[in-house]
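The values are calculated or read from the model by the stated rules, or taken from the named source; none is laboratory data. Given the structure is predicted, the values throughout are model-derived calculations rather than measurements. Every residue, glycine among them, receives a Cβ derived from its backbone with ideal geometry; neighbour counts consider all protein chains shown. Calculation scope for accessible area: heavy atoms of the full protein, side chains included, ligands and nucleic acids excluded. Shrake-Rupley method; radii C 1.70, N 1.55, O 1.52, S 1.80 Å.
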Amino acid sequence: MNRAVFKLTSSTPSTITEEEGVGSRTTVAIHDFDGEGKQYDLASRSVAKISIFNAQNLTLRITSRILTSTLELHSCHSLNLHLESHVGIVQLDAPLTSTCIAYASPEKVGSIILSTAATSAAPRGGRESFGYTDVKLVVGEEGDEGKVEFVLADGNGGLRQPGREGGAPIFPGQVQGMPEQWKIGFDETRGQWDAGELMRNERNYPAL
């Protein structure tokens, strides 16, 4: 089945619905885009998939159902995502800086797949990193008593593994046998983020 591609541009209205041609067979592509501080609401009934690449300076609020349950995020800066529909997989690939991924409630959280395969050169004499800086995960709305925030990557590029005892930032070469991909989820019972190695089956498909 062929999919249409909807590309966000400077002329796109702030609320994106079926009137813009976005529907169940549409891949929403936010590529090479500077939002200049604007907020966009993706509010069609459904979309096929969402891909965000080399985007910066924008807030994206998603209420649309994502039929493939996949949102890809790569090479972004100063990005705020507000997910108000369930997303099965959010794929994170470095570099990502000043990025916040916020879920409206725990039941909206699926799996976050984070790649640690790539490393970034140390800026101005700092430490080599995995390419993530100032990345935060949030569950719950502002003012909610049960709101949970977790700093996944700090301002120095240190990566923090959810659920890891001590929670100290991790840099390349520090942890022997570091998984190339983490599977991150939210444990409703304990009210906290957790992570472990993304396992694969005998056909090399990810076990999600």
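Things worth noting here:
- Counting only residues that are closer than 16 Å to residue 150 by Cβ and either in contact (Cβ under 8 Å) with a residue 24 or more places away in the chain or among the acidic types (Asp, Glu) (or both), segment 171-201 holds 13 of them.
- Scanning segment 147-164 for residues that are out of contact with any strand residue (DSSP E or B) (no Cβ under 6 Å at 6 or more places or on another chain), under 15 Å from residue 190 (Cα atoms) and open to solvent by 60 Å² or more (accessible area, probe 1.4 Å) yields a total of 1.
- With respect to being at negative phi, buried (at least 18 other Cβ atoms within 10 Å of the Cβ) and either in a strand (DSSP E or B) or not β-branched (Val, Ile, Thr) (or both), residue 89 falls outside the description.
- Criterion applied to 94, 55 was being small (Gly, Ala, Ser), without any contact (Cβ under 8 Å) to a residue 60 or more places away in the chain and either open to solvent by 10 Å² or more (accessible area, probe 1.4 Å) or not in a strand (DSSP E or B) (or both), and the one residue passing it is 94.
- Residue satisfying all of: in segment 1-50; under 14 Å from residue 67 (Cβ atoms) and among the basic types (Lys, Arg); surrounded by the most Cβ atoms within 10 Å (Cβ to Cβ) among these: 49
- Complete set of residues in segment 143-176 that are closer than 22 Å to residue 77 by Cβ, outside any loop (DSSP other than H, G, I, E, B) and touching a Phe, Trp or Tyr at 6+ places or on another chain (Cβ under 9 Å): 150, 152, 153, 159, 170
- Condition met for residue 83 (under 13 Å from the mean Cα position of the chain (by Cα) and buried (at least 21 other Cβ atoms within 10 Å of the Cβ)): yes
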